[in-house]
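As structure tokens, the structure follows; a few thoughts come after it.
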Protein chains: 2
Amino acid sequence: MERHFAEELNGLKQKLFQMGLLVEGAIEKSFEALVERSEDRVKEVLENEKVINQLEIEIDEKGHTLLALVQPMARDLRLITMVLKINTDLERMGDHAVNIAEKSQYLIGQPSLGIDFPLNDMADAAQKMVRDALDCFMNENVDLARKVLENDDKIDDYNDTLFTDMVALMEKEPSAIRRALNVLMIGRNLERIADLANNIAEDTIYLKQGKEVRHHFEDHGS
Amino acid sequence: MERHFAEELNGLKQKLFQMGLLVEGAIEKSFEALVERSEDRVKEVLENEKVINQLEIEIDEKGHTLLALVQPMARDLRLITMVLKINTDLERMGDHAVNIAEKSQYLIGQPSLGIDFPLNDMADAAQKMVRDALDCFMNENVDLARKVLENDDKIDDYNDTLFTDMVALMEKEPSAIRRALNVLMIGRNLERIADLANNIAEDTIYLKQGKEVRHHFEDHGS
């Protein structure tokens, strides 16, 4: 029974990892849609979402089944409730990827803004945060978790720069306002994705060290 | 023991309700800050946040203590994991209230935009959704939960109108761009609050009917 439970718990974590990979892929594709001006990529993100939603329900049910079997030992309990929480957070990241794909779809149909802005680097940084957050949870790696938390500041800096750039562009070029707003919204969605990755890293530290770090590294996004 | 457990579970729900009232108050105050142009209200929201964060940790711990004691009966289990989830969602609503207060603080220091836009009605509707979502969960009222889900469309309509109004204003009046952007961001935060209230209503229906309604009423916000 003990061994069986450990296997089941491991299976649950593996399913969460699989969910994480799908979400990571969705974020990447949603941004590729913009860079490659590809309607196909937009469609892929929308298709992908159904799979993510189905997987969320599966993980949720499997998690609850295991919770019902768990011995009242604080650590396994915490691990399972964290899987449930991260599961929700990953699904919400998937929603943000859909939002990005939708804004990208709008932008694909418009003339290019013709300026450089830091959205590419920001998307890379956000994707890396998601990958690292997932890795740090799977391997209970506190050092990596702390790196994720540090990277969140970088995302906020990118977002501030993006805001300044877009306001300057809008003030100079009123015909670009709608496009610039869509770019800004993509930035906000990336920021929210980074916040959710942050939460996973905080949870990992709590799980490993029993120390409450939530609200210490807090940033409210926008 | 049974009776003791029922009392403890009720105590947990009451604490969650208390948390909900605080968050509701924070949303109201964050918006009053804007309407009354009151720096004091901004400060109140920031002060309030500390209490909300503390209460989140308390509820989380109490929930885990109860989970460790629960008999493996599916329903109590589900109820407690939902309390944990709603607890996180309420805390995030609190963060959005802080964001609104910060945008309000910027706007207070600026000349009025001098036009009517539907932010007031939108804030009222979002607050009502939060109140109803909390009530429907506390009383396991499925009819009210369905009303919450319906109201979410209203918020999206307000947000679309707000977007159109703000773009028109920005195109006409470049000096208003920064202010209009802050108004837009307040709208997005209200929309996120409404989405989180939506989640609570969906959870309530699931708890009561065992039916999965998530992803059926889905809306990704922005």
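Pairs linking a residue in the range A:116-139 that is over 23 Å from residue A:204 (Cα atoms) and touching a residue at least 24 places away in the same chain (Cβ under 8 Å) to a residue that is surrounded by fewer than 19 Cβ atoms within 10 Å (Cβ to Cβ) and among the aliphatic types (A, V, I, L, M), with Cβ atoms under 8 Å and 6 or more positions apart or on different chains, are A:120/A:35. Looking at this structure, is residue B:33 more than 23 Å from residue B:194 (Cα to Cα) and more than 14 Å from the chain's Cα centre (by Cα)? Considered against the rule, which asks whether it is more than 23 Å from residue B:194 (Cα to Cα) and more than 14 Å from the chain's Cα centre (by Cα), residue B:33 comes out as no.
Residues in the range B:71-87 that are surrounded by fewer than 18 Cβ atoms within 10 Å (Cβ to Cβ), touching a helix residue (DSSP H, G or I) at 6+ places or on another chain (Cβ under 7 Å) and either at pLDDT 95 or above or not in a helix (DSSP H, G or I) (or both): B:72 only.
If only residues of the range B:60-95 that are of a type in the set (Lys, Arg) and farther than 30 Å from residue B:123 by Cβ are counted, the one that is farthest from the other protein chains (Cβ to nearest Cβ) is B:62. Here residue B:112 meets the list (1) outside any helix (DSSP H, G or I); (2) within 11 Å of chain A (Cβ to nearest Cβ) almost entirely, failing just condition (2). Taking the criterion of being within 14 Å of another protein chain (Cβ to nearest Cβ) and under 17 Å from the mean Cα position of the chain (by Cα), would at least one residue in the range B:164-181 satisfy it? No - not one qualifying residue is present in the range B:164-181. Residues considered: B:158, B:106. Of these, the only one that is of a type in the set (Phe, Trp, Tyr) and either under 23 Å from residue B:50 (Cα atoms) or within 13 Å of chain A (Cβ to nearest Cβ) (or both) is B:106. Return yes when residue B:130 is among the β-branched types (Val, Ile, Thr), closer than 24 Å to residue B:38 by Cα and within 14 Å of the chain's Cα centre (by Cα) and no when it is not. Answer is yes for this residue.
Give me the residue from the range B:39-59 that is free of Cβ contacts under 8 Å to residues at least 24 places away in the same chain and more than 8 Å from chain A (Cβ to nearest Cβ) and, out of that set, surrounded by the most Cβ atoms within 10 Å (Cβ to Cβ). Please lay out each step first, then the result.
Step one: of the range B:39-59, the residues free of Cβ contacts under 8 Å to residues at least 24 places away in the same chain are B:40, B:43-44, B:47, B:50, B:54, B:57.
Now drop any that are not more than 8 Å from chain A (Cβ to nearest Cβ), which leaves B:40, B:43-44, B:47, B:50, B:54.
Numbers: B:40: 10, B:43: 14, B:44: 18, B:47: 11, B:50: 10, B:54: 11.
Looking at residues that are free of Cβ contacts under 8 Å to residues at least 24 places away in the same chain and more than 8 Å from chain A (Cβ to nearest Cβ), I get B:44.
Residues that are farther than 23 Å from residue B:68 by Cα and more than 11 Å from chain B (Cβ to nearest Cβ) occur in the range A:1-15; there is at least one.
The values are calculated or read from the model by the stated rules, or taken from the named source; none is laboratory data. All values reported here derive from a predicted model rather than from experimental measurement. Cβ coordinates were reconstructed from backbone atoms using ideal geometry, including for glycine residues, and neighbour counts include every protein chain displayed.
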